[in-house]
Structure formats: C-alpha cells, structure tokens
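S.K.: I have a structure here, written as structure tokens, and I will follow up with some questions on it.
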Amino acid sequence: MSDSDVKKVVIIGSGPAGWTAAIYAARAGLEPIIYVGVPKQDPGPVLPGGQLMLTNDVENYPGFPEGVSGPEMMAMFQKQGERFGARIVGEDVERCEFDPEGKVHTLHTSDGKSVRAHAVIISTGATANWLGLESEMRLATTGGGVSACAVCDGALPMFRDQPLAVVGGGDTAMEEAHHLTKFASTVYVIHRRDELRASKTMQDRVLSKDNVEMVWNSTVVDCLSEKDSFGSDKITGIRLKDTKTGEERDLAVKGLFVAIGHTPATKFLRDTALSFDDAGYLVLPGRSSRTGIPGVYGAGDVADATYRQAVTAAGMGCQAALDAENDLGERGLL
Ligand code: FAD
C-alpha cells in the first residue's frame, strides 16, 4: 500500500455521532469514509443508523417541531453526509492497530480487508440491554409503548397520567423511574431481587415519591398488547413471574421502560492502548474528543455514559471532526 492510499479520516459507526463527524469532515475536505456497521444482535439489536433506528418518536431533537421517527432522522443525516461526499462502507471494523505516534492507523474490517488512516473517529455507540422478549422488541420498534430511554420517551402523550413500569434495580433504573414520576399515575419498579443495587441516595429519591410502587422478586416474561383505534399494537400490561414461587400474574401498564443497562461497543478495541472505564466506555481524558493515542478520537455514547442523547452524540461527533481537522493541519497532513 502506498502512502497515497492512506485516508485522511475514517469514522467507525453511523449513529448521530458518526454521521455528524462525517458531515463536518466532508465539508472540511477530509474525504471521510464511514464504516456504518453490519446489522447484528449483540447484546440487543444493532443497526446501521444506530440506536435511533429502534424508536418511532424523536421529539427532543431540535429542528423537528412535530417530532420525527428515528429511522427517518437517520436517513436525513446520511443524505446530508453523502451530499458532501462522505463515502459509506457497509462493514464492521473488527480490529484496530493504532500507531502510538499517530501517523498511520490500520483498521481491519469484516470483509477481510484493511484500511489505513491518519485519523480515526470511534463512534460505535452503546447498545441498550433488552430483556430479549419477542413482544418487547415488536412493541419497542413500532411505537407500541416499550422503550429503553425514559428521558427520550417519557414525556410522550401516550404515557401521560398512565401506569408505567420500569425494569431494573440499578442507578439507571432509579433515574428512569424518577423521571417518569413526573408524568405517570403510578410507576411500578420491577426488580428480580428483594433489594436494589442502586445507591442509597438514588433509592431514597425514588422511594420517597408517592406514585412509586416496588414490585420485588419479579421478572417480566411477556408484554401484553391490544390494537388501538388506528389498528396499531399498544402495550396493555406485562406478565410477571415471581422469582421465588414461579407464580405468574399480569400487571396493567401503558408503558414499559427497560433499564437494565447499556453495553458500549468497545469489545473490538480491547487489545489496543485506549483506556476504558469499568463499564467498558471509552475514556476521553480531557475536554476534547482526543483519546490517549494521537489521531484517534471518540464521539457519542461510546464515550459518554452520562447523557446518552442524540443531540449530545451529534455534538461530540462535531467536536471529533474539528479536533481531527485541527490535528491533521498541525501535523502537515492536509
Ligand atoms: P449509536 O446511535 O448507538 O450508533 C452507533 C453505530 O455504530 C451503529 O450504527 C452501529 O451499527 C455502529 N457500530 C458499532 N460497532 C461497530 C463496528 N465495530 N464497526 C462499524 N460500526 C459499528 N435520544 C434522543 O436524543 N432522543 C430520543 O427520542 C431517543 N430515543 C431513544 C429510544 C431508544 C429505544 C433508545 C435505545 C435510545 C434513544 N435515544 C434517544 C438515545 C440515542 O439513540 C443515542 O443517544 C444515540 O443514538 C447515540 O448516538 P451514537 O452515534 O453515539 O451511537
């Protein structure tokens, strides 16, 4: 491979972070290549376009006063990136050899090929963990009242003044439940054990609310649904199984929020010199997108366990492209 084959920027991942990085990099003349990933089921559904491909209603992304479906929004991101010349490859990056000096990084991809680049932007996201029920995923992807993000979906009209359930027992579940107490008539917190994993402060915050009810020693084994007046399936309840007695019972709810954690897509990076936190999120040591390795940047949910929103991911994608452009310029590689 000659030096002319070395790309200026390669972007890994095609959610809001990856596509925003692609738009900025393309407009700056960096001729980015974006590896959009292949569809897979690990640990939940992962699709080119990212986590928003699993949601029908995005109401909090600025610029869409009437809301927009996730797939529609990601198609627009892609169209905008392609308009400025971003090149798409429908493969995964499976292994990275990062050059400690940051001159030429080599990425090995799922088609058995490799690509070399001066700058690499990692925007592979964090996949929401799901329960793995057929009914759950069907209702989640069709606006049927199942979600993995209360901050994103809790304020939708369909959930207002309704009984809602949150599954999980950690801090994330408590945050989701706390958020939903503003909208729901009752928030049932379903937990498989008889005590929570969440910090005492988070527990107190939630348990002090009048409209929270704990459902201990229970798992969700099915989501029940009925067709609404428009003929679309909406959740009407969940089937619970007692983890001690095995007994099953139905609980009427109009929404289910699955809050059993996220898995950052960093497994393919583990044998590199990048740093990760205990949960596997990519660590960005400063107030920029730069990782510890020159020419390697992180953007979006893969490096952000706190906010995990489309708009914050897009903002981080912008930062990564600007950091890459700046660094390439300083190193005389533009
Ligand atoms: P992602 O969107 O996760 O995209 C990551 C991409 O990387 C994927 O395309 C994947 O295919 C690709 N990829 C992964 N590994 C590889 C690899 N090795 N090689 C190549 N590609 C790879 N946020 C909001 O702001 N508003 C909402 O209404 C909203 N609703 C949501 C509803 C649900 C059900 C869920 C789960 C999330 C929701 N979110 C919402 C959160 C939002 O989806 C995320 O914050 C956002 O998608 C993160 O963007 P990202 O680009 O960092 O990663």
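The values are calculated or read from the model by the stated rules, or taken from the named source; none is laboratory data. Values in this document were obtained by computation on a predicted structure and should not be read as measured data. A quick note on method: Cβ atoms are made from the backbone with ideal geometry, for glycine too, and the neighbour counts reach across all protein chains shown. For the accessible areas, the whole protein counts, side chains as well, though only heavy atoms, and no ligand, DNA or RNA atoms are used. Shrake-Rupley method; radii C 1.70, N 1.55, O 1.52, S 1.80 Å.
S.K.: Can you give the net charge of the other residues whose Cβ lies under 10 Å from the Cβ of Thr109, counting K and R as +1 and D and E as -1?
M.R.: Residues near Thr109 contribute -2 overall.
S.K.: Out of every Cα pair in the stretch 130-258, what percent are spaced more than 21 Å from each other?
M.R.: Taking all Cα-Cα pairs of the stretch 130-258, the fraction more than 21 Å apart is 34 percent.
S.K.: Report, in whole Å, the centroid distance computed from the Cα atoms of the stretch 68-90 and the stretch 277-334.
M.R.: Going from one Cα centre to the other spans 20 Å.
S.K.: Given R₀ = 51 Å, FRET efficiency for Asp271-Ser229 by Cβ-Cβ distance, to 0.05?
M.R.: On the way: r = 54 Å, r/R0 = 1.06.
Computed FRET efficiency for Asp271 and Ser229 comes out at 0.40.
S.K.: Moving on. Can you give the calculated 222 nm mean residue ellipticity of the chain, where each DSSP H run of n ≥ 4 adds -39,500 (n - 2.57) and the sum is split over every residue, rounded to the nearest 500 deg cm²/dmol?
M.R.: Values: 7 runs with 77 residues, N = 334.
Mean residue ellipticity, 222 nm, calculated: -7000 deg cm²/dmol.
S.K.: Evaluate E = 1/(1 + (r/R0)^6) for Met158 and Lys103, where r is the Cβ-Cβ distance and R0 equals 41 Å; express this FRET efficiency to the nearest 0.05.
M.R.: 0.20
S.K.: Looking at the stretch 1-139 only, what percent of DSSP beta bridges run antiparallel? Nearest 5 please.
M.R.: Once the DSSP bridges in the stretch 1-139 are tallied, antiparallel ones form about 50 percent.
S.K.: While we're looking at this one, here's another question. How many angstrom lie between the C-alpha centres of the stretch 1-61 and the stretch 195-260?
M.R.: When both Cα centres are located, 34 Å separates them.
S.K.: Would you mind computing, in nm to one decimal, how far apart the modelled labels at Leu207 and Leu333 are, each placed 7 Å from Cα along Cα→Cβ?
M.R.: 5.3
S.K.: Okay, next question. How large, in percent, is the carbon and sulfur part of the accessible surface of the chain at a probe radius of 1.4 Å?
M.R.: 48
S.K.: Report the full-extension gain for the segment Lys182 to Thr219: residue separation times 0.36 nm, less the Cα-Cα distance, to one decimal in nm.
M.R.: Values: separation 37, 0.36 × 37 = 13.32 nm, distance 2.45 nm.
Computed gain between Lys182 and Thr219 is 10.9 nm.
S.K.: Please find the FRET efficiency linking Asn326 to Glu134, where r is the Cβ-Cβ separation and R0 is fixed at 51 Å, and quote it to the nearest 0.05.
M.R.: That pair, Asn326 with Glu134, gives E of 0.60.
S.K.: Measure off 7 Å from each Cα along the Cα-to-Cβ vector at Ser110 and Met76, then give the distance between these two points in nanometres to one decimal.
M.R.: Inter-label distance under the simple model: 2.7 nm.
S.K.: In addition: Might you work out the accessible area of Val6 for me, using a 1.4 Å probe with all protein chains in place, and round it to the nearest 10 Å²?
M.R.: 20
S.K.: Let me ask you something else. Hey, what's the Cα Rg ratio for the chain versus the globular rule of thumb, 2.2 N^0.38 Å?
M.R.: For the chain, the normalised Cα radius of gyration is 1.06.
S.K.: Same structure again: For Arg83 paired with Ser199, estimate the spin-label separation in nm (one decimal), with each label point 7 Å from Cα along the Cα-to-Cβ line.
M.R.: 4.3
S.K.: I've got another one for you. Past the 31 Å Cα-Cα mark, which pairs from Lys227/Lys267; Lys7/Lys40; Lys40/Lys200; Lys241/Lys267; Lys7/Lys267; Lys40/Lys227?
M.R.: Listed pairs above 31 Å: Lys227/Lys267; Lys40/Lys200; Lys241/Lys267.
S.K.: Calculate, for the chain, the solvent-accessible area per residue in square angstrom, rolling a 1.4 angstrom probe over the heavy atoms of the protein chains.
M.R.: 47
S.K.: Sort by residue number and report every cysteine in the chain with no other cysteine beta carbon within a distance under 4.7 Å.
M.R.: Cys96, Cys223, Cys318
S.K.: Rounding to the nearest 10 and keeping the result within 0 to 90°, find how far the Cα-based axis of helix 70-83 lies from the longest principal axis of the chain.
M.R.: Here the helix axis deviates by roughly 10 degrees.
S.K.: Heavy-atom accessible area of Val9 with all protein chains present, probe 1.4 Å, nearest 10 Å²?
M.R.: About 0 Å², ignoring ligands and nucleic acids.
S.K.: How long, wide and thick is the stretch 227-334, going by the Cα atoms along their three principal axes, in whole angstroms, largest first?
M.R.: In descending order, the Cα extents are 66, 39, 21 Å.
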